[in-house]
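First the structure, in the form of C-alpha cells, and then the observations on it.
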Amino acid sequence: MLILGIETSCDETSCAVVKAEPRSGTAKILSNIVSSSLFRHKKFGGVVPEIASRHCMEQIQCVFEEALTETKIRAADLGLIAVTRGPGLIGSLFVGVSFAKALAYELGIPLVGVNHMEAHLVANFFDKPAPDKFIGLLVSGGHTMLTYCKGARIHILGETIDDAVGEAYDKVAKILGLGYPGGPIIDKLAGKGDPGAVRFTCPKLDGRFGRGSGAGNDARRFDFSFSGIKTAVLYLVKDPKTGLPKPDAPSKQDIAASFQHAVIDWLVEKTLDAADFKSVSDIVVGGGVSANSHLRNKLTREAKAKGCEVWFPPFSLSTDNGAMIARRGFELYRNGKRSTFKMTGDPALQIH
Ligand code: KG4
Ligand code: ZN
C-alpha cells in the first residue's frame, strides 16, 4: 500500500510517500520532501504564524508533486492519505488538511487525520518494527511528555507544567543573544564550556519530585518544569533590579554547557524512572530535541547500563516531516481508523 503523508503543523511543509505492508505492519520511505520556512523567521527570533501558513500555502502543491516525481509513482497509485490534524498553528494546519481532503475526494481513497506528537514517536519505526510496549519521550519546541505506549495506544504519564524543553533552549539562546532556533546553537556551544560552572536547582514539583517517590500517590512524578531555569539564566547575565548586563556573568559557553547538562539530566532521570515504573525495556525518543547530542549520549549510556534499549530517529526524521505522519496514519488505518471530510485542523489536539 502506498501512503501519502502530509505535514503542515508549523514552519515546515512536507509530503512523503511511504510503502507499507498491511500484513506485517512494516513501512519504508520512498520519498520525504521538506520545505522549511525557517529562514523567513530567523530575523524575528521565532516562528511568525502568518508567514508560516503563507509558506505552506505557496509550497504544498510543488512539495506534493516532487514527492511523487521522486518515487516515479502517479497520484492514482496512492491508497491512503495521512495528514497532520494538530496540534500546531491553525493557519498552517488548515493548508494541509484542506489539501488532503481535496486530494482524497478527487482520488476516492481513505483519509486519516494524525496527531503530530504521536507521529514523532513512530518516526523511529522505519527500519525496525515497533516494540510491543515502550516508554515514549516526546521533546519538541511546543511539547515535553513522557508516555507509555502499547500497540497503537499512547498514554500520557507526565508532561511539562510550563515551557517545553525546546522552548527553553530557544528562550535561553535569545537571552544569550545566540540566534534562532536555539537548540542546535546551544548544543554546539555547550561542547566548548564547563558543565559544572553553574549549578542550577532542580525544579520541585509538588515538593515531591524525584526518583524513589511513590508511583501512584505522586501525581507530579513524571511532570517537568523548564521556566525556572530560563529565568535563572536571565538573572545570571542581567541584574534583576537594574536590568543591566552583569560584568561578572559566566561565559556564554559555560552557561550553555551548564544549562544543557541540567535539563538533559532531568529528562534522562525521569525517563529511566518511567521505564522502571512500567517495567519496560524499550525507550523511544521523538521530536526536534531528539537531535540533541548530550541527550543521545547520556540516555543511551545510562539506559544500556540498566539493560534498556533506546531508540532515536535518524537526524533527518528528528524534525517535522511527512514520513512520520504517513507511518502513524498507517498504524491508525490498520486499527480501523478513518477520517471524514468533516475533519478540520485542531491547534490544541490532545493525545488520547
Ligand atoms: O519537533 P520540532 O521540529 O518542532 C515542533 O514540533 O516544535 O522541534 C523544534 C525544537 C526547537 O525548539 C529547537 O530549538 C529544538 O527542537 N532542537 C534542539 C536541537 N535541534 C532542534 N534542541 C536541543 N538540541 C538540539 N540539537
Ligand atoms: Zn514537531
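Among all residues of segment 70-82, there is at least one that is in contact (Cβ under 8 Å) with a residue 60 or more places away in the chain, under 22 Å from the mean Cα position of the chain (by Cα) and buried (at least 17 other Cβ atoms within 10 Å of the Cβ). With respect to (1) surrounded by fewer than 24 Cβ atoms within 10 Å (Cβ to Cβ); (2) in contact (Cβ under 8 Å) with a residue 60 or more places away in the chain; (3) hydrophobic (A, V, I, L, M, F, W, C), the lone exception for Ile109 is condition (2).
Look at segment 264-322 and say how many of its residues are closer than 30 Å to Val17 by Cβ and more than 16 Å from ligand 2 (Cβ to nearest atom). Of the residues in segment 264-322, 6 are closer than 30 Å to Val17 by Cβ and more than 16 Å from ligand 2 (Cβ to nearest atom). So in segment 76-125, with the set limited to residues that are within 14 Å of ligand 1 (Cβ to nearest atom) and of a type in the set (A, V, I, L, M, F, W, C), which one is nearest to Lys337 (Cα to Cα)? Restricting to residues being within 14 Å of ligand 1 (Cβ to nearest atom) and of a type in the set (A, V, I, L, M, F, W, C), the top hit is Val114. Among the residues making up segment 175-199, none is touching a Phe, Trp or Tyr at 6+ places or on another chain (Cβ under 7 Å) and more than 8 Å from ligand 1 (Cβ to nearest atom).
The listed residues are Glu66, Glu21, Glu7, and the only one of them that is in contact with a strand residue (DSSP E or B) (Cβ under 8 Å, 6 or more places away or on another chain), modelled with pLDDT under 95 and not small (Gly, Ala, Ser) turns out to be Glu21. Quick check on my filter: what residues within segment 298-330 are surrounded by fewer than 23 Cβ atoms within 10 Å (Cβ to Cβ) and of a type in the set (Asp, Glu)? Of everything in segment 298-330, those that are surrounded by fewer than 23 Cβ atoms within 10 Å (Cβ to Cβ) and of a type in the set (Asp, Glu) turn out to be Glu302, Glu309. In segment 304-339, the residue that is farthest from ligand 1 (Cβ to nearest atom) out of those that are free of Cβ contacts under 8 Å to residues at least 24 places away in the same chain and in a loop (DSSP other than H, G, I, E, B) is Gly336.
The values are calculated or read from the model by the stated rules, or taken from the named source; none is laboratory data. None of these values were measured; they are calculated from a predicted model. Virtual Cβ from ideal backbone geometry, glycine too; neighbours counted across all protein chains shown.
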